[in-house]
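Below is one structure; the comments refer to it alone.
The values are calculated or read from the model by the stated rules, or taken from the named source; none is laboratory data. Everything numeric in this text was worked out from a predicted model, so none of it was measured. No Cβ is skipped: glycine too gets one built from the backbone with ideal geometry, and neighbour counts run over all protein chains shown. These accessible areas exclude ligands, DNA and RNA; they are computed on the full protein's heavy atoms, side chains included. Shrake-Rupley method; radii C 1.70, N 1.55, O 1.52, S 1.80 Å.
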Amino acid sequence: MNSTMIQFFHWYSEGDGKLWKDTQKQAQYLAKLGITSVWFPPAYKGTNGGYSVGYDAYDLYDLGEFDQKGTIATKYGTKDDYLKAIKALKKQNIEVIVDIVLGHKAGGDELEKFKVVKVDENNRDKVISDVLEIESYTKFTFPGRGKKYSDFEWNFNCFSGVDYAEGMDSHIYKIQSEYGDDWEEMIHDEKGNYDYLMYNDIEHRNPFVREELNEWAKWYFDQTDFDGVRLDALKHISHDFYKEWITLLRSNSGKNIFAVGEYWAPGYLHLLQKYIEVTEGCMSLFDSSLQNNFHNASKEGESYDLRRILDETLTQADPLHAVSIVANHDTQPLQDLEAPVESWFKPIAYALILLRKDGYPCVFYPDLYGAHYVDKDRAGNDQEIFMPKVDGIEELLKARKDHAYGEQRDYFEDANCLGWVRGGDDQHMGCAVVLSNKDSYNKPMEMGKRYAGKKFKDLLNRFKDKVTIDENGWGDFPVPAGNVSVWVSE
């Protein structure tokens, strides 16, 4: 069976503990669609308690169990609800992918004094002050949890930088510590050095920190029996740390844990390839370059040459390490990395990631269920956003589950109309896919002689008439203007 992931949340997912309970209700439906893995949001307590999306990680050991930050439950529910959600998915043979945030911590419990220097926000290697003594919330004692599960207390020696100093302006402050006056080494010189992202930046050169994060990973696995990890903000974290962390997790769990990382560099394929190289292929990466191509193609409309849609993408260059997406929580409207794919183009984009042989596709929650939310735009004004369910998404998912197998033959000769066929295998009949970003077309394609005389129907119900495969195995497959059609044997 083809593997298909879903990101089962978005930035504005409902709070009040509903997500874990909703998962239990949706597990059977997801399995029916062919979903084989679910990527959950960060499940631990954030500094905003029951309102936290989870990326402002406070206590990694609090999965909705302790009264901390004003709540016991996280935004998504209690620990008990979380474990029930995981059990419901595994009952349907769906794997669980957990979100891992190990680049920073937020919401410290006590102030500490320590020495820092200010750095230029646009060039973090550039020091712009003398050594200063500041106070910041870098001591984490977790009073609600105490020493249950771990007695490790975080202090300023566990961090390389902060953005808060008591009584001073917000700025990036580089901590002067025994582990180095410089940032950790990154693979690219964006912002001079992009180790620092936000909050209290974790110092992975501290051996006690590394030991704690490795022990926590084993504890988390023992609690949940997860199958995979999604690693947050890779461009801001030591690649040596994550290579070690994943290796130890796989060893300690006795399980070949799947790993996919977020190295967001749209249009910079070489950086994705370099990261895979320096981590010795121990993880896959989200194909930010392909997502960027989808965004641009949807904006440019018929002027976009569809033959370029896979150019400079990880899915084309290294499909075994590519997780392909159309959207995620960072690219959705009103987020910092906003790069939405226009609604008309989403069925085309999903056909490209779901029905071709390369890449591991990931569906975004609002694209399957729809979403409606209000947030501030960049001018500070309230903006209402509607993200409709993608037209035909369920049929496209079922086409992947039932038909997207076997040899793939491409018909990419037209700038505005692409087509391909999947020949099928011993267990599955294949399919023909045609997409257009301009006019309606008819695309002649060879299905193969095994299909001679068979009638093909449009799975998306764009057309009522059938296509009959001739004696040589060819068919003439139509597509509506600016749309996609998927043809399968009756």
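Remark: segment 406-489 carries a charge dipole of roughly 340 debye about the Cα centre, counting +1 on each Lys and Arg Cβ and -1 on each Asp and Glu Cβ. When DSSP beta bridges are restricted to pairs lying wholly in the chain, around 70% turn out antiparallel. Residue order by solvent-accessible surface for Arg422, Arg450, Arg409 is Arg450, Arg409, Arg422, largest first, with ligands and nucleic acids left out and a 1.4 Å probe. A 1.4 Å probe over all protein chains sorts Asp120, Asp222, Asp16 by accessible area into Asp16, Asp222, Asp120, starting with the largest. Surface composition of the chain: carbon and sulfur make up 44 percent of the accessible area, probe 1.4 Å.
Solvent exposure of the chain amounts to 40 Å² per residue of accessible area, where only protein heavy atoms count and the probe is 1.4 Å.
For segment 220-229, the Karplus equation 6.51 cos²θ - 1.76 cosθ + 1.60, evaluated at θ = phi - 60°, returns couplings of 4, 4, 4, 6, 10, 6, 5, 10, x, 10 Hz by residue, with Gly and Pro reported as x. Each Lys and Arg contributes +1 and each Asp and Glu -1, all at the Cβ; summed about the Cα centre of the chain, the dipole is approximately 2140 debye. Each residue of segment 451-456 was assigned a 3J(HN,Hα) from its phi angle through the Karplus curve 6.51 cos²θ - 1.76 cosθ + 1.60 (θ = phi - 60°); the sequence is 9, 3, x, 7, 9, 10 Hz, with glycine and proline shown as x.
Note on surface exposure: Asp59, Asp225 rank Asp225, Asp59 by accessible area, highest first, 1.4 Å probe.
Net charge of the neighbourhood of Asp99, taken over other residues with C-beta under 10 Å away and scored Lys/Arg +1, Asp/Glu -1, is -1. For Val323, nonlocal amide neighbours, meaning residues 5 or more places apart or on other chains whose placed amide H falls under 5 Å from its own, are Leu285, Phe286, Asp287, Tyr360.
Entry note, segment 437-487: relative contact order of 48 percent, from Cα contacts under 8 Å with a spacing of 6+ residues. For Lys115, the lysines whose Cα falls under 22 Å of its own Cα, not counting residues fewer than eight places away in the same chain, are Lys105, Lys126, Lys139, Lys174.
The lysine pair count for segment 406-489, using Cα distances under 19 Å and pairs eight or more places apart or on different chains, is 12. I need the shape label for segment 58-122. Rule: rounded when a/c is under 1.5, else prolate if a/b > b/c, else oblate, with a, b, c from the alpha carbon gyration tensor. Taking the square roots of the gyration eigenvalues as a ≥ b ≥ c, segment 58-122 is oblate. Relative protection proxy for 378-390, 254-266, 135-147, 69-81, from highest mean packing down: 69-81, 254-266, 135-147, 378-390 (other beta-carbon atoms within 10 angstrom). Take every Cα pair under 8 Å in the chain that's 6+ residues apart, average their separations, divide by the length, and report that relative contact order as a whole percent. Relative contact order, the chain: 10 percent.
Near Arg124, the amide H atoms lying under 5 Å from its own belong to Gly192, Asn193; only residues 5 or more places off or on other chains count, and H is placed 1.01 Å from N. Under 5 Å between amide hydrogens, built in the peptide plane, is the criterion, and for Thr4 it picks out Thr36, Ser37 among residues at least 5 positions away or on other chains. Using a cut-off of 27 Å between Cα atoms, the listed pairs Lys25/Lys79; Lys45/Lys274; Lys84/Lys255; Lys69/Lys118; Lys299/Lys376; Lys90/Lys255 include Lys45/Lys274; Lys69/Lys118 as exceeding that distance. Counting charges near Glu302 (Lys, Arg +1; Asp, Glu -1) among other residues having Cβ under 11 Å from its Cβ returns a value of -2. Peptides 479-489, 186-196 ranked from most to least packed give 479-489, 186-196, packing being the mean of other C-beta atoms within 10 angstrom over each peptide's residues. Counted by Cβ distance under 9 Å from Lys79, the other residues give a net charge of -4, where Lys and Arg count +1 and Asp and Glu count -1.
Contact order, relative form, for segment 15-140: 25 percent (alpha carbon pairs under 8 Å, 6 or more residues apart, mean separation divided by residue count).
Secondary structure note: in segment 35-129, about 65% of the DSSP beta bridges are antiparallel. For segment 230-242, putting each phi into the Karplus relation 6.51 cos²θ - 1.76 cosθ + 1.60 with θ = phi - 60° gives couplings of 10, 9, 7, 6, 4, 5, 10, 9, 4, 5, 5, 4, 5 Hz, in residue order, rounded to whole numbers and with x for Gly and Pro.
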